[in-house]
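Derivation of every value follows stated rules applied to the coordinates shown; laboratory data play no part. As the structure is a prediction and not an experimental result, all values here were calculated from the model. Here Cβ is always computed from backbone atoms with ideal geometry, including for glycine, and neighbour counts include all displayed protein chains.
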Amino acid sequence: QKEVEQDPGPLSVPEGAIVSLNCTYSNSAFQYFMWYRQYSRKGPELLMYTYSSGNKEDGRFTAQVDKSSKYISLFIRDSQPSDSATYLCAMSGTGFQKLVFGTGTRLLVSP
Amino acid sequence: DAGITQSPRHKVTETGTPVTLRCHQTENHRYMYWYRQDPGHGLRLIHYSYGVKDTDKGEVSDGYSVSRSKTEDFLLTLESATSSQTSVYFCAISDRQSGYNEQFFGPGTRLTVL
């Protein structure tokens, strides 16, 4: 079993929809949770990060962490075709810990 | 891809040949990483460096070696390339100033081993 599980998709939605992207994990030591966005043939770019449990909002994006369920989510409101990309979750423990990545979910937003 | 370049961006080589990929950063970040990205596996850490001449293995280090003689350059070498090393290779950097391991990625190198 992988430490971090993520549905590969693709997830297809119409423009304007609310998108929910999710990851589950097994390591209870994880404290830092990140979401990266990767456009086709580009490197991943950091979108959001959260520490421990709770929510964090940045514009149309909301990151949510539920440590009791070992479940993290990224919500995208009013999705746009430019949001079409692969979204990778990543997480690590405290101190200097290596990042563990999910395999990524491919999102397609149609006009 | 702020301040991170990778070269070459594309390479086709033959089985058994040595290959060196270069990562160059202008951010003066202490930590540098090499990942490979494959369908169904996501990003997997090959090697990383925590300072000049200080390197350590990641989860998929077999068949790869690295060197870091300057803060800005991190080289990944495939001593004798195999078809299983066909992949997209990403370099990343971090500095821990934010208190967590926020990593910034380069544009990637697409390597094909025939």
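Out of A:GLY54, A:GLY43, which single residue is free of Cβ contacts under 8 Å to residues at least 24 places away in the same chain, at positive phi and not polar (S, T, N, Q)?
So the residue among A:GLY54, A:GLY43 that is free of Cβ contacts under 8 Å to residues at least 24 places away in the same chain, at positive phi and not polar (S, T, N, Q) is A:GLY54.
Which residues, counting only those in the stretch A:17-67, are within 14 Å of chain B (Cβ to nearest Cβ), surrounded by 17 or more Cβ atoms within 10 Å (Cβ to Cβ) and farther than 21 Å from A:GLU5 by Cβ?
Within the stretch A:17-67, A:GLY43 is the sole residue that qualifies.
Is there a residue in the stretch B:91-98 that is assigned to a strand (DSSP E or B), over 15 Å from the mean Cα position of the chain (by Cα) and polar (S, T, N, Q)?
No, the conditions are met nowhere in the stretch B:91-98.
Looking at the stretch A:1-102, what strands (runs of 3 or more DSSP E) fall wholly within it and have at least 2 residues that are under 10 Å from the mean Cα position of the chain (by Cα)?
A:19-25, A:32-38, A:45-51, A:61-66, A:71-76, A:85-92
So in the stretch B:59-114, with the set limited to residues that are acidic (Asp, Glu) and at the interface with chain A (Cβ under 9 Å from one of its Cβ atoms), which one is surrounded by the fewest Cβ atoms within 10 Å (Cβ to Cβ)?
Among those that are acidic (Asp, Glu) and at the interface with chain A (Cβ under 9 Å from one of its Cβ atoms), it is B:GLU59.
Do you know which of the residues in the stretch B:6-46 that are more than 20 Å from B:VAL113 (Cα to Cα) and away from every other protein chain (no Cβ under 11 Å) is surrounded by the most Cβ atoms within 10 Å (Cβ to Cβ)?
In this case the residue turns out to be B:MET32.
Being over 25 Å from B:CYS23 (Cβ atoms) and within 11 Å of chain B (Cβ to nearest Cβ) is the filter here, so list the residues in the stretch A:1-16 that pass it.
We begin by selecting, within the stretch A:1-16, every residue over 25 Å from B:CYS23 (Cβ atoms); these are A:1-3, A:5-16.
Once the filter is applied, which keeps residues that are over 25 Å from B:CYS23 (Cβ atoms) and within 11 Å of chain B (Cβ to nearest Cβ), the stretch A:1-16 yields A:LYS2, A:GLU3, A:GLU5, A:GLN6, A:PRO8.
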